[in-house]
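*Asks:* Have a look at the structure that comes next, please.
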Ligand code: G1P
Ligand code: ZN
């Protein structure tokens, strides 16, 4: 076995974002690009330039283009950096929540996940890599900053010369002194799901004629959904659509929302719509829940799950607390109040939930952007949310729509919508944000029709566990009746700037709760435009995407 130290020059653009390092495939294929980043990760996480004796890493990805090549490179580099063992998903596949599950279950040193989440794949698409720590969650900023610093000073990387490892069969082999164990990517995750949910009740529901459709969008959840929904829960063959993971996701955009999951939406709004529909994204951490001709807003989904949590065996003892990102509606807060637990309001991004979960403060977490999860892993989890809903439906025997309507009647409805203005010129977006901030002085007390401004601020958050402060997390304008408008710039967009406008109103009267959200929110939409001069500044008449 030939161990080589290869001289290299640093790239200066390897700063991991909240979801790791994400670039075009072509960038990752630049000679030494992936190798440099991986060496920067190893140099950061291993103290003495080599892995501690006996250390194990988990490795897998969402199956997108370049996944297999990247896995072979990372395995050869892990062997050269003294890693004792790597658990790699068969075929190089591991969904993000499954990787988190495996890291935790086998108490490994950490893991490397290859994914660009919901971004399109293929030779012209995106690729990504991120490091997760021993708790199963994404590395905190302290570590990602260190990786970036390391990448900028890198002069060499280590790799062994060896033939490719066979990834398609479960089993062990060696690569130099390192053991490579190819594992079933689904088994550990499916076992965890079976320990959390009432599979017998869900099986009985399905056996009784309940029909469902799951759209895997040709991304990573196909094999997971086939095993869990069709094999273990007895759903009919064909329940999982677009179930084969493809390197280019079949040319689609694997993001489970009303725009991109259009095939599922057509089925669920069609004449012979099944009882339940769901979809997940590229790497399996997002979810969309649909009833027959009915869309469940992700903010409501978190609240419904929280209110019904004890119906699932894994949550029978109740929840310790709930956390939601700031722009997510306050529907979950109302449930937390009733349950007598705290609801934490964190900045956008899953990483803020990790500390709260590790400290045992919260059990359930969610974001309005189709992310829901719990402390069973340290990532959001698409299929977990689907199974939670099936568990609730199996126990309550009501339709999805009826469950949501009854929830609103009990707790009130937080009518909610997000308007995205994509690919705005960066200076236009920055100018709008600056203008809104300038208005903050005169807004409190100001009246807009029936709405009177109660407060406005630029959201900041002090982590209650480690005391770290995050500022500039979004501009909030709160009204006296509890309605809100939030302006925020996306941190994940790749073209120009994406402005997100979040709108929320409260409706306590069940007789008025079933109206269309856009209709109910029309006055707030007008106020948002009035304050921010959105249409005039952007030159846009309407948002790019409405959720
Ligand atoms: C978006 C979502 C956010 C989510 C993130 C990563 O970020 O809005 O909730 O955590 O993707 O999946 P944004 O583009 O808004 O910064
Ligand atoms: Zn994702």
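*Asks:* Would you call residue 68 closer than 20 Å to residue 166 by Cβ and either away from ligand 2 (no atom under 16 Å from the Cβ) or assigned to a helix (DSSP H, G or I) (or both)? Walk me through how you get there before you give the answer.
*Replies:* Values: closer than 20 Å to residue 166 by Cβ: yes; either away from ligand 2 (no atom under 16 Å from the Cβ) or assigned to a helix (DSSP H, G or I) (or both): yes.
When the stated conditions are applied, residue 68 passes them.
*Asks:* Could you check, for segment 145-159, whether at least one of its residues is in contact (Cβ under 8 Å) with a residue 12 or more places away in the chain, within 16 Å of ligand 1 (Cβ to nearest atom), buried (at least 18 other Cβ atoms within 10 Å of the Cβ) and not in a strand (DSSP E or B)?
*Replies:* no
*Asks:* Buried (at least 17 other Cβ atoms within 10 Å of the Cβ), under 27 Å from residue 116 (Cα atoms) and more than 16 Å from ligand 2 (Cβ to nearest atom), is that true of residue 501?
*Replies:* Details: buried (at least 17 other Cβ atoms within 10 Å of the Cβ): yes; under 27 Å from residue 116 (Cα atoms): yes; more than 16 Å from ligand 2 (Cβ to nearest atom): yes.
Taking the combined requirement at face value, the residue satisfies it.
*Asks:* May I pose another question? Residues of segment 407-443 being closer than 14 Å to residue 486 by Cβ and under 25 Å from the mean Cα position of the chain (by Cα), which ones?
*Replies:* Within segment 407-443, 414, 416, 417, 418, 419, 420, 421 qualify.
*Asks:* If you don't mind, there's one more thing I want to ask. Condition first: surrounded by 21 or more Cβ atoms within 10 Å (Cβ to Cβ) and part of a loop (DSSP other than H, G, I, E, B). Now tell me which residues in segment 15-45 satisfy that.
*Replies:* 16, 19
*Asks:* So which residues in segment 450-470 are under 19 Å from residue 525 (Cα atoms), in contact with a strand residue (DSSP E or B) (Cβ under 7 Å, 6 or more places away or on another chain) and in contact (Cβ under 8 Å) with a residue 40 or more places away in the chain, if there are any at all? So that I can check it myself, show each step before the final result.
*Replies:* Here is the first cut: in segment 450-470, the residues under 19 Å from residue 525 (Cα atoms) are 450-457.
Okay, now just the ones that are also in contact with a strand residue (DSSP E or B) (Cβ under 7 Å, 6 or more places away or on another chain), so 451-457.
Of everything in segment 450-470, just one residue is under 19 Å from residue 525 (Cα atoms), in contact with a strand residue (DSSP E or B) (Cβ under 7 Å, 6 or more places away or on another chain) and in contact (Cβ under 8 Å) with a residue 40 or more places away in the chain, namely 451.
*Asks:* Which condition from (1) surrounded by 24 or more Cβ atoms within 10 Å (Cβ to Cβ); (2) without any contact (Cβ under 8 Å) to a residue 12 or more places away in the chain is the one that residue 398 breaks?
*Replies:* Failed condition: (1).
*Asks:* OK, next. Being surrounded by fewer than 20 Cβ atoms within 10 Å (Cβ to Cβ) and closer than 22 Å to residue 382 by Cβ narrows it down to one residue among 130, 105, 142; which is it?
*Replies:* Working: 130 fails: surrounded by fewer than 20 Cβ atoms within 10 Å (Cβ to Cβ); 142 fails: closer than 22 Å to residue 382 by Cβ.
Answer to the selection: 105.
*Asks:* Away from ligand 1 (no atom under 16 Å from the Cβ), at pLDDT 95 or above and within 17 Å of the chain's Cα centre (by Cα) - does that describe any residue in segment 271-287?
*Replies:* Yes - at least one qualifying residue is present in segment 271-287.
*Asks:* Within segment 361-396, take every residue that is within 22 Å of residue 215 (Cβ to Cβ) and part of a strand (DSSP E or B) and give me the one that is nearest to ligand 1 (Cβ to nearest atom).
*Replies:* 367
*Asks:* Is at least one residue of segment 488-498 away from ligand 2 (no atom under 16 Å from the Cβ), in contact with a strand residue (DSSP E or B) (Cβ under 7 Å, 6 or more places away or on another chain), at pLDDT 95 or above and more than 13 Å from residue 420 (Cα to Cα)?
*Replies:* Within segment 488-498, none of the residues are away from ligand 2 (no atom under 16 Å from the Cβ), in contact with a strand residue (DSSP E or B) (Cβ under 7 Å, 6 or more places away or on another chain), at pLDDT 95 or above and more than 13 Å from residue 420 (Cα to Cα).
*Asks:* Among the residues of segment 203-240, which ones are at positive phi and either at pLDDT below 95 or touching a helix residue (DSSP H, G or I) at 6+ places or on another chain (Cβ under 9 Å) (or both)? So that I can check it myself, show each step before the final result.
*Replies:* Of all residues in segment 203-240, those at positive phi come to 209, 217-218, 234, 238.
Once the filter is applied, which keeps residues that are at positive phi and either at pLDDT below 95 or touching a helix residue (DSSP H, G or I) at 6+ places or on another chain (Cβ under 9 Å) (or both), segment 203-240 yields 217, 218, 234, 238.
*Asks:* Being under 25 Å from residue 536 (Cβ atoms), away from ligand 1 (no atom under 16 Å from the Cβ) and free of Cβ contacts under 8 Å to residues at least 24 places away in the same chain is true for just one of 505, 511, 434. Which residue is that? Please lay out each step first, then the result.
*Replies:* Details: 505 fails: free of Cβ contacts under 8 Å to residues at least 24 places away in the same chain; 511 fails: under 25 Å from residue 536 (Cβ atoms).
Residue meeting the stated conditions: 434.
Quick grid of which residues meet (1) within 16 Å of ligand 2 (Cβ to nearest atom); (2) farther than 14 Å from residue 213 by Cβ:
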| position | (1), (2) |
| --- | --- |
| 229 | no, no |
| 232 | no, yes |
| 236 | no, no |
| 248 | no, yes |
| 257 | yes, yes |
| 263 | no, no |
| 274 | no, no |
| 283 | yes, yes |
| 292 | no, no |
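*Asks:* Working only within segment 4-61, note down all residues that are within 16 Å of ligand 2 (Cβ to nearest atom) and within 27 Å of residue 188 (Cα to Cα). Step through it out loud before you land on a result.
*Replies:* Keep residues of segment 4-61 that are within 16 Å of ligand 2 (Cβ to nearest atom), which gives 16-22, 60-61.
Answer for segment 4-61, where residues must be within 16 Å of ligand 2 (Cβ to nearest atom) and within 27 Å of residue 188 (Cα to Cα): 18, 19, 20, 21, 60, 61.
*Asks:* Scan 355, 414 and give me the residue that is at negative phi, more than 16 Å from ligand 2 (Cβ to nearest atom) and modelled with pLDDT of 95 or more. Outline the logic, then answer.
*Replies:* Values: 355 fails: modelled with pLDDT of 95 or more.
Matching residue, one of 355, 414: 414.
*Asks:* Here is a follow-up. Step by step: first the residues of segment 467-485, then only those that are under 21 Å from the mean Cα position of the chain (by Cα) and surrounded by fewer than 21 Cβ atoms within 10 Å (Cβ to Cβ), then the one that is farthest from ligand 1 (Cβ to nearest atom). Which residue is that?
*Replies:* Checked segment 467-485; the qualifying residue farthest from ligand 1 (Cβ to nearest atom) is 470.
*Asks:* Which residues, taken from segment 249-277, are in a loop (DSSP other than H, G, I, E, B) and within 19 Å of residue 370 (Cα to Cα)? Before you say what the answer is, go through the steps one by one.
*Replies:* So in segment 249-277, the residues in a loop (DSSP other than H, G, I, E, B) come out as 252-261, 269-275.
Matches in segment 249-277: 252, 253, 254, 255, 256, 257, 258, 259, 260, 261.
*Asks:* Same structure again: Would you confirm, using the coordinates I've provided, whether residue 302 is under 14 Å from the mean Cα position of the chain (by Cα), away from ligand 2 (no atom under 16 Å from the Cβ), crowded, with 23+ Cβ neighbours inside 10 Å and at pLDDT 95 or above? Full working, then the answer.
*Replies:* Numbers: under 14 Å from the mean Cα position of the chain (by Cα): yes; away from ligand 2 (no atom under 16 Å from the Cβ): yes; crowded, with 23+ Cβ neighbours inside 10 Å: yes; at pLDDT 95 or above: yes.
So residue 302 passes the test.
*Asks:* Still on this structure: Scan segment 118-127 for residues that are surrounded by fewer than 24 Cβ atoms within 10 Å (Cβ to Cβ) and part of a loop (DSSP other than H, G, I, E, B) and jot them down. Before the answer, list the steps.
*Replies:* In the first step, residues of segment 118-127 are kept if they are surrounded by fewer than 24 Cβ atoms within 10 Å (Cβ to Cβ); the result is 119-120, 122-126.
Across segment 118-127, the qualifying residues are 119, 120, 122, 123, 124, 125.
The values are calculated or read from the model by the stated rules, or taken from the named source; none is laboratory data. Everything quoted here is computed from the prediction, not taken from an experiment. So basically every Cβ, Gly included, is an ideal-geometry build from the backbone, and we count neighbours across all protein chains shown.
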